[in-house]
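The values are calculated or read from the model by the stated rules, or taken from the named source; none is laboratory data. What you see is a predicted model, and the numbers here were worked out from it, not measured in a lab. Neighbour counts are summed over all protein chains in view; Cβ atoms, including those assigned to glycine, are modelled from backbone coordinates with ideal geometry.
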Amino acid sequence: MRKIRIKGFTLAEVLITLAIIGVVAALAIPSVISNSQQMEYKTGLRKAVSVLNSAIAMGKAIDGESPYDNANLFGYMYRHMSVLRTTSRAELDYYIIYPGDGSPWRNTAFYTTDGMKFEFRRGRTQADFPLYENPSVSVCTLAESGDFNQYGGESPGGSCGGCGSYGLNNNPDGTTKPPCLIMVDVNGDRGPNPANAHCLEAECSSPYKFSTPDGSRLTDMFTIMITDKEAIPYGTAAQKAMYGGRK
């Protein structure tokens, strides 16, 4: 009877194979993780826009008010969203430096139960708003505070006097107010924004990290425009994240 001899691998061959697998994994895994994060940010933005539009629809159906009718956008959205907590001074949670003069961003925000943070600018002009790409079109960034609302005391969001349509010069609705802008962090206080979630001093502060202007590299923070009718992603990065690659 003829014996069949089975040749095994030598130790050197096994080590070389493992080394090759390790190199391939080292090159591929970061890309896989990055792509996964990018998809997470896109999904989060779509969910945020959907949640805001649901709140607007409920405001119209239950209260008979659109964002155009209600001067307090913070309270308008808050009323019909599952809010976990609010803050009227975001710099008390973490210190974000304003790039222009080194002062802190005194934003207001509310956190929803699904882990998102909706942030309202306060104390700056519209030109300072992140990803504000068209200075020729007027917008409201809720830059001033001082309203009083039904939730007790000063309105954290300030007042735009209501949110109108985009492109007032050719607006078929005849609105006379500009649209409003807010920011959403789709994963709350988890990175990459804010990068300094436990920093309360200027010495350890860091600026927000925003998506690249062309939308080729996304972060977890986007700008959303609120009009008299709906919430829509604003800016090239947000538009690509929302609609890019979808039929």
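Results for (1) of a type in the set (A, V, I, L, M); (2) surrounded by fewer than 20 Cβ atoms within 10 Å (Cβ to Cβ), shown as yes or no for each residue.
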| site | (1), (2) |
| --- | --- |
| Gln37 | no, yes |
| Leu45 | yes, no |
| Ser50 | no, yes |
| Asn53 | no, yes |
| Ile56 | yes, no |
| Lys60 | no, yes |
| Gly64 | no, yes |
| Tyr68 | no, no |
| Leu73 | yes, no |
Problem - Restricting segment 33-80 to residues that are in contact with a Leu (Cβ under 9 Å, 6 or more places away or on another chain) and hydrophobic (A, V, I, L, M, F, W, C), the residue that is modelled with the highest pLDDT - result: Leu45
Practice task
Confirm whether Thr141 is at pLDDT 85 or above and of a type in the set (Ser, Thr, Tyr).
Solution key: no
Practice task
Name the residue, out of Asn193, Asn187, that is surrounded by 15 or more Cβ atoms within 10 Å (Cβ to Cβ), modelled with pLDDT under 85 and under 25 Å from Thr112 (Cβ atoms).
Solution key: Asn193
Problem - Matching residues in segment 213-241 - criterion: being in a strand (DSSP E or B) and touching a helix residue (DSSP H, G or I) at 6+ places or on another chain (Cβ under 8 Å) - result: Phe222, Thr223, Ile224, Ile226, Ala231, Ile232, Pro233
Exercise for the section: Go through the residues of segment 89-112 one by one and say whether even a single one is among the small types (Gly, Ala, Ser), at pLDDT 90 or above and surrounded by fewer than 20 Cβ atoms within 10 Å (Cβ to Cβ). Expected result: no
Handout entry: segment 170-208: number of residues that are over 25 Å from Gly44 (Cα atoms) and of a type in the set (Val, Ile, Thr)
Key = 2
Problem - Residue pairs meeting the criteria (Cβ under 7 Å; at least 6 apart or on separate chains; first without any contact (Cβ under 8 Å) to a residue 40 or more places away in the chain and under 16 Å from Asn35 (Cα atoms), in segment 206-221; second among the β-branched types (Val, Ile, Thr) and outside any loop (DSSP other than H, G, I, E, B)) - result: Gly215/Thr236
Practice task
Of all residues in segment 207-247, count the ones that are crowded, with 17+ Cβ neighbours inside 10 Å, of a type in the set (Phe, Trp, Tyr) and modelled with pLDDT of 85 or more.
Solution key: 2
